[in-house]
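As C-alpha cells, the structure follows; a few thoughts come after it.
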Amino acid sequence: MLYWLALACPASPSPPEAGGAWSPPGARDAAQQQAIGWWALQFTPRVCLLDEAVLLEVQASLRLFGGARALRERITREAAELGCTAVARGPTALAALAFVRAARGGGAAASAVAAHAPRRWGARLDALPLTALSAAAAQEPLLARLGCRRLGDLRALPRPGLARRCGAGLLEALDQAYGERPESHPWLALPEVFDARLELPGRVEEASALMFGARRLLLQLCGWLAARQAGVRQFVLRWRHDFHRPGVDDAGELPLRTAELTRDPDHLCRLLGEWLGRVALAGPVGELGLRADRVEPLVCGNQALPLQAGPGAPRDGESLAQLMERLSARLGAGEVLRPQLRSDHRPEAMQRWVPATEWQALPAAAAPTLPQPAWLLAAPLPLAVRHERPQHAGLPLQLLAGPHRIEVGWWDTDGLPSVARDYFIAFSPRSGLLWIYRELVSGTPMDSRSGSGWYLHGVFG
C-alpha cells in the first residue's frame, strides 16, 4: 500500500445538499489549488489535483522527512497557513480524498484519517457517505432508492446489476478507492515562472495588513523554489484596489530584492513586513499577486536538510546579509552602506560605499606584491625630508621594502585623479611600520628638496 495525503483547498465547494457530483472549483479556486500543488511539490514529485483537493503520494519521501508522523505534522501545519481546511491520509488517492471530505465535514467518519492497516481503513471507508466518492455522488439519487447510504452498502450490491444501472465507471472508482485496482493520475508539473494570485477575504485598507495574504503567497513561492532546488533574489508583490477612480491607478506593486539567494519563508516574510510598513495604499485592496521570474540554483548544506528542520531544531543566528536587508528596509536604503571592492590599483579607489541591498561580491583579485596596511589615512600626510631621507615625528625612516610602482588613472572619467607613485614599507622607531610613497613626475622622482615628494599613506597595525 502507498501513503497518500489529501489537502482540502480553501474556498472549495460544499457537498451537494440533494445529491449529485462534486462540482469543480471555480476559476479563482482552481488557481489557488494549483498554487498549493506547486508548494506540495517540495515534498514529492507525485502530486496531482483531483476535484477540490491536492493529493500527494509520499511513500518514497517518508525517510527523507523524518518519518510519516513528522512529515504529516509538517504538511498539516504549513497547509493550514495556506488556508487548507483539512488534511487526511489513506492508502489510495481516492480513499485519502474521501477521508479528507469526511474530515472537512466534521462528521463521525473524520477519525478515519488515522487508519492505515488494510482492515481498519477498509472498514472506516465503508462507513463514509456516498458523497465522499465523486463517482458515487453522481449516482446518489438512484442508489438511495436502492437503499444505499454509505460506501459499504454500495459494495454489498451485486456488481453485474450495479454495472448495468450505473456504468462500469462507478465500479472502477470503487475498486480504486479500496486498492483493488491500480490508479492513474496526471502528475502536476512546475511552471518556469511563479505567478500566483490570491483574492482577499475582505477589503484591506492598511498595507501592513496585507501580510496575512502575502505570507500565503510567500509560502507557496518557497515551496515552488524548493521543488526546483532554487532560490530567489528578487520578486514583486502586486495588489489591485477594490475601486475605480478617474486618474487613479487601480493597482500597485512593491518590488523586493534580497542581498543573497534564499528561499527561507521566515526571512522573506520579515523583509516584506518591513517594506510594507513604509507603503501608503491609495485605497482598499481586494486582491494580491506575487511573481518571481528570475531564480537561480541554490544548494543547501546538510544543516538545511528537512531531517534537521522543524520547530525544535537548532538554528543559526540571522546572517549579516539578512540583518542589512531589514535595517535598510527600516531606515532607508541610503542609510545602510557596505564597502565594495573595485578593480583599481589606487589605494583610495580600491573600494566604494554602496547601499547594502545593492552590494555584490566581486571575484578575488591577485594579491599585491607588497603587504597592504590595515589603516589607510583619509588624506596622505606630507613628510619632511632631511639628507634625502624622509622623516616622521622628527626621526628618519628606514626603508625596508620597495619600491612598488603605481602609475594609473590617466584614463579615469569618474573624477578621481591619476597617480604616479613609488610605495615603500618604512620603519619608524616611534611609530613602527609605515606605508609611504614618493610622487613621480614623468616617471622620475620629484625633487625631495621641495618638501612635497614623500607622503605617509598608511600604518601597519
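The values are calculated or read from the model by the stated rules, or taken from the named source; none is laboratory data. The structure displayed is predicted, hence computed values, not measured ones. Here the Cβ is made from the backbone with ideal geometry for all residues, glycine too, and neighbour counts use every protein chain on show. SASA here: full protein model, heavy atoms, side chains in, ligands and nucleic acids out. Shrake-Rupley method; radii C 1.70, N 1.55, O 1.52, S 1.80 Å.
For segment 331-387: of the residues being open to solvent by 80 Å² or more (accessible area, probe 1.4 Å) and of a type in the set (D, E, K, R), which is modelled with the highest pLDDT?
So, considering only residues that are open to solvent by 80 Å² or more (accessible area, probe 1.4 Å) and of a type in the set (D, E, K, R), the one modelled with the highest pLDDT is Arg386.
Among Arg233, Arg215, Arg203, which is in contact with a helix residue (DSSP H, G or I) (Cβ under 7 Å, 6 or more places away or on another chain), closer than 26 Å to Gly277 by Cβ and in contact (Cβ under 8 Å) with a residue 12 or more places away in the chain?
Details: Arg233 fails: in contact with a helix residue (DSSP H, G or I) (Cβ under 7 Å, 6 or more places away or on another chain); Arg203 fails: in contact with a helix residue (DSSP H, G or I) (Cβ under 7 Å, 6 or more places away or on another chain).
So the residue among Arg233, Arg215, Arg203 that is in contact with a helix residue (DSSP H, G or I) (Cβ under 7 Å, 6 or more places away or on another chain), closer than 26 Å to Gly277 by Cβ and in contact (Cβ under 8 Å) with a residue 12 or more places away in the chain is Arg215.
Would you confirm, using the coordinates I've provided, whether Ser184 is closer than 30 Å to Ala292 by Cβ, outside any strand (DSSP E or B) and of a type in the set (Ser, Thr, Tyr)? Working first, answer last.
Numbers: closer than 30 Å to Ala292 by Cβ: no; outside any strand (DSSP E or B): yes; of a type in the set (Ser, Thr, Tyr): yes.
No; evaluated as a whole, the condition is false for this residue.
Give segment 126-154 a look and list any residue that's touching a residue at least 24 places away in the same chain (Cβ under 8 Å) and assigned to a loop (DSSP other than H, G, I, E, B), or say none.
If the condition is that a residue be touching a residue at least 24 places away in the same chain (Cβ under 8 Å) and assigned to a loop (DSSP other than H, G, I, E, B), then Ala127, Leu128, Leu133, Ala138, Gln139 are the ones that fit.
Within segment 94-116, which residues are at pLDDT below 80 and open to solvent by less than 50 Å² (accessible area, probe 1.4 Å)? First the steps, then the outcome.
First, the residues of segment 94-116 that are at pLDDT below 80: 104-116.
Correct list: Gly107, Ala109, Ala110, Ala112, Val113, Ala115.
In segment 72-93, how many residues are open to solvent by 10 Å² or more (accessible area, probe 1.4 Å), part of a helix (DSSP H, G or I) and either touching a helix residue (DSSP H, G or I) at 6+ places or on another chain (Cβ under 9 Å) or touching a residue at least 12 places away in the same chain (Cβ under 8 Å) (or both)?
4
Which residue pairs have Cβ atoms under 6 Å apart, sit 6 or more places apart or on different chains, and have a first residue in segment 426-442 that is in contact (Cβ under 8 Å) with a residue 24 or more places away in the chain and a second that is buried (at least 17 other Cβ atoms within 10 Å of the Cβ) and of a type in the set (S, T, N, Q)?
What qualifies is Leu434/Ser428.
Checking Leu125 against (1) open to solvent by less than 10 Å² (accessible area, probe 1.4 Å); (2) at pLDDT below 90; (3) of a type outside the set (Asp, Glu), only one condition comes out false. Which one?
All conditions pass for Leu125, except number (2).
Go through segment 187-196 and report how many residues are open to solvent by 40 Å² or more (accessible area, probe 1.4 Å) and not in a loop (DSSP other than H, G, I, E, B).
Let us first name the residues in segment 187-196 that are open to solvent by 40 Å² or more (accessible area, probe 1.4 Å), namely 187, 189-190, 192-193, 195.
When the remaining residues are screened for being not in a loop (DSSP other than H, G, I, E, B), the result is 195.
Qualifying residue count for the region: 1.
When the residues of segment 388-402 are filtered to those that are touching a residue at least 12 places away in the same chain (Cβ under 8 Å) and at negative phi, which remaining residue is surrounded by the most Cβ atoms within 10 Å (Cβ to Cβ)? So that I can check it myself, show each step before the final result.
Going residue by residue through segment 388-402, those that are touching a residue at least 12 places away in the same chain (Cβ under 8 Å) are 388, 390, 392-393, 395, 397-402.
Now restrict to residues that are at negative phi: 390, 392, 395, 397-401.
Numbers: Pro390: 24, His392: 20, Leu395: 11, Leu397: 22, Gln398: 12, Leu399: 13, Leu400: 11, Ala401: 14.
The qualifying residue surrounded by the most Cβ atoms within 10 Å (Cβ to Cβ) is Pro390.
Quick check, is Arg240 within 21 Å of Pro10 (Cβ to Cβ), open to solvent by 10 Å² or more (accessible area, probe 1.4 Å), in a strand (DSSP E or B) and free of Cβ contacts under 8 Å to residues at least 60 places away in the same chain?
Details: within 21 Å of Pro10 (Cβ to Cβ): yes; open to solvent by 10 Å² or more (accessible area, probe 1.4 Å): yes; in a strand (DSSP E or B): yes; free of Cβ contacts under 8 Å to residues at least 60 places away in the same chain: yes.
So Arg240 fits the description; yes.
So how many residues does segment 212-237 have that are surrounded by fewer than 20 Cβ atoms within 10 Å (Cβ to Cβ) and touching a Gly at 6+ places or on another chain (Cβ under 7 Å)?
Final tally of qualifying residues: 0.
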